[in-house]
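One structure is given here, and the rest of the page talks about it.
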Amino acid sequence: MKKLLALSGAALLSVVAAAYAQQKAAVDPAKVDATVNAAFPAAPSDWAPRLTPDETMRQCSQTRNKPDKKTADAIEKREKAAIEYPADGNFIGDWKKGEALAQNGYGLRFSDYPPRRTTGGNCYACHQLTKKEVSYGTLGPSLLEYGKLRDYKPAAVKAAYEKIYNSHAALACSNMPRFGANKILTIDQIKDAVALLMSPDSPVNKGQ
Ligand code: HEC
């Protein structure tokens, strides 16, 4: 009995410690707002929707991208439900256009207003995709041979589309932009990016 009590005491302590750690880690929403506003003092008024965090951003900021499981599940469910799929059910576009948009970081910056050309996906800023391109960021994993490693399976093609459309559907507080959900890329552009990852003849899979 004593042992049991000691055990439950320890369990209780760890629950309290976890709750305390979480509370300590939580970020004051007012601080988040102040930081965002201070970073964009000269933002045009039509940027307001971009600077106002939606429910997902709010929950991720408040928990420093470490929501509890229940919150993470709810975020993923909500973001998944917001994915729009291509009307014809075909996820694969043109990999050459996909490579061009992966290279292209144009769009949605102060200096891109008013927009003069199509917005890009800037994938290379965070991912290695081809061997030929030596300038790439490493915030995200290397996507070299992405399709080949997944045997070009239809389920993997769909998952790639969903990841690019809405990265938070698979990982609640991903650092990858929600390209479709936030209207950075169109459905056709997302299909082109999927083609880059999932076509056997693209440089991603030919290891070029
Ligand atoms: C700001 C950085 C950033 C940009 C830009 C970005 N990504 Fe990502 N991406 C990430 C991070 C970080 C991960 C890993 C965490 C995750 O899965 O969300 C990731 C994961 C992925 C994955 C899943 C990888 C896996 O292991 O299955 C795919 C596919 C992907 N990105 C494709 C793209 C494509 C295509 C683009 C361009 C349209 C792009 N990403 C742009 C940061 C980025």
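Each reported figure results from applying straightforward, stated rules to the coordinates on display, with no laboratory input. Just so we're clear, the structure is a prediction, and the values are computed from it rather than from any experiment. Backbone-built Cβ (ideal geometry, glycine too); neighbour counts: all protein chains shown.
Of note:
- Residue 63 long-range amide H proximity, modeled H, under 5 Å: 27
- Size of charge dipole - the range 152-208 - debye, nearest 20, with Cβ of Lys, Arg +1 and Asp, Glu -1, no other charges: 120
- Dipole magnitude for the chain: about 660 debye, using +1 per Lys or Arg Cβ and -1 per Asp or Glu Cβ, origin at the Cα centre.
- The residue among 156, 167, 204 whose Cα reaches farthest toward the positive pole of the charge dipole of the range 70-208, with charges on the beta-carbon of Lys, Arg, Asp and Glu, is 167.
- The Cα center of the range 146-208 and the Cα center of the range 46-79 differ in position by 22 Å.
- Residues in the range 31-69 that a label on residue 113 would reach, taking backbone N under 18 Å of a point 7 Å out along Cα→Cβ: 36-53
- Cysteines not pairable in the chain (beta carbon separation under 4.7 Å absent): 123, 126
- For the range 95-198, size of Cβ-based charge dipole, Lys and Arg +1, Asp and Glu -1, in debye: 120
- Entries in 31/69; 31/70; 77/158 that, when Cα-Cα distance is taken, lie over 22 Å: 31/69; 31/70
- Positive contributions from Lys and Arg (+1) and negative ones from Asp and Glu (-1), summed over other residues with Cβ under 14 Å from the Cβ of residue 84, come out at +1.
- Couplings 3J(HN,Hα) of the range 83-97, computed from phi: 6, 9, 9, x, 4, 8, x, 9, 8, 9, x, 10, 5, 5, 5 Hz, in residue order, whole Hz [Karplus 6.51 cos²θ - 1.76 cosθ + 1.60, θ = phi - 60°; x for Gly and Pro].
- Computed helical MRE - 222 nm, the chain, DSSP H runs ≥ 4 contributing -39500 (n - 2.57), nearest 500: -14000 deg cm²/dmol
- Built amide H within the under 5 Å cut-off of residue 205, gap 5+: 145
- Of the residues 61, 51, 95, the one whose Cα sits farthest towards the positive end of the charge dipole of the chain is 61 (charges of +1 on Lys and Arg Cβ, -1 on Asp and Glu Cβ, taken about the Cα centre).
- Relative contact order computed over the range 93-208 (Cα-Cα under 8 Å; 6+ residues apart), in percent: 34
- Largest-first principal axis extents of the Cα set of the chain (Å): 68, 47, 36
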